[in-house]
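Inspection log for the structure reproduced underneath, given as structure tokens.
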Ligand SMILES: [Mg+2]
């Protein structure tokens, strides 16, 4: 069936919370003074950011009148009822009855609903992302093709991946973990400042000695520095050849970010918190970054591609972010990355990927330093029985 023949329409949208809890919290064991409160949240002292003790995500299922089922996913880490309510109370009524092939027009219409009130990011755009991914899944399934094939000519069938985070309590154990991944064919790594207990310089120096001069090692600075401390840290790290420095200064401080770019030799990467190409333009046009890191769980496919195309037009590198999820938005990120020329690498969140790979029936694979593209129609991933058993229906 060609895209223009379809008379199918969206019939219903269901929302689920997926339990992704693990023995260890994300980024590893709690440090001294980090306490889980009654609502199940704790704050990392290193970046003053809230995390749930039990990881989770929000999944939407969209069903068409002809019975085509699309899956989407977004962040459910914090206050997932907020995002679920936006979908259930507001968005569903404007998506049911629409032709799923009009996915980009649907995205833009939903965005327009709330833009004059200033809802141009945050939970509202997370809700749009989940719907967007599910609609693209349906569009590709109607054509019986893997999503990357309808998004344009794939540039590659393997997406290079870097090992993100070494969630062990001591530096010695983190170095051991890096060596284990290196023995499995991975040559790119990233550590996070909030859990680099002796500081970024000690962490990078030790990692460099452990994995060698040819490996790439990035540092995620979690928005925690000022202009001057970022410039100083970049200078200190330079002898150990960091691959890139991520999120050096607070996200709102775009002028400061630009000054850091001007004053350092390091490549600066940002973008995991962006929702739209408007967020990207604010940083890309003033040359305030070298690498963009769109996160599919926040952007959906439509905005992910708009951000990536903008980056490509400015000859910037793209290294997509990979957050805590069931595998659904990761699959979307891989499909969308396949057709981009600017892809340098893709985050590999191994502490989530391995334990939950069976949630999408082992359809995703990341081996010897690269992801494989899912091959089935649409996203090529569906919730497995194990995942269905950890899904709870939310709201009517
Ligand atoms: Mg990060």
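Taking other Cβ atoms within 10 Å as a rough exposure proxy, 59, 50 sort from fewest to most as 50, 59. For the pair region 42-105 and region 342-366, the centres of their Cα atoms are 20 angstrom apart.
Counting only alpha carbon atoms, the long axis of helix 171-183 and the longest principal axis of the chain meet at about 60°. If I take all pairs of Cα atoms in region 10-147, what percentage of them are more than 26 Å from each other? Value for region 10-147: 34 percent of Cα pairs lie more than 26 Å apart. Helix 254-263 and the longest principal axis of the Cα set of the chain meet at an angle near 40°. Of the beta bridges in the chain, as assigned by DSSP with both residues counted there, near 60 percent are antiparallel. Using the average count of surrounding beta-carbon atoms within 10 Å as a protection proxy, the listed peptides 290-303, 369-382 rank, highest first, as 290-303, 369-382. Taking every DSSP beta bridge that has both ends in region 149-378, the antiparallel portion is near 20%. With neighbours defined as other Cβ atoms within 10 Å of a residue's Cβ, the residues 318, 150 order from fewest to most as 150, 318.
Put a dot 7 Å past the Cα of residue 32, heading toward its Cβ, do the same for residue 375, and the two dots end up 5.3 nm apart.
Between the beta carbons of residue 395 and residue 357, assuming R0 = 25 Å, the FRET efficiency works out to 0.30 to the nearest 0.05. The fewest-to-most ranking of 394, 114, 387 by surrounding Cβ atoms within 10 Å reads 114, 394, 387. Residues of region 246-261 with backbone nitrogen within less than 19 Å of a virtual label 7 Å along the Cα-to-Cβ line of residue 310, please, listed as ranges. Those under the cut-off are 247-259, 261.
The long axis of helix 122-142 is offset from the longest Cα principal axis of the chain by roughly 60 degrees.
Rule-based calculations on the coordinates, nothing more; no lab input. Note that the coordinates shown come from a computational prediction; the quantities given were computed from them, not determined experimentally. No Cβ is skipped: glycine too gets one built from the backbone with ideal geometry, and neighbour counts run over all protein chains shown.
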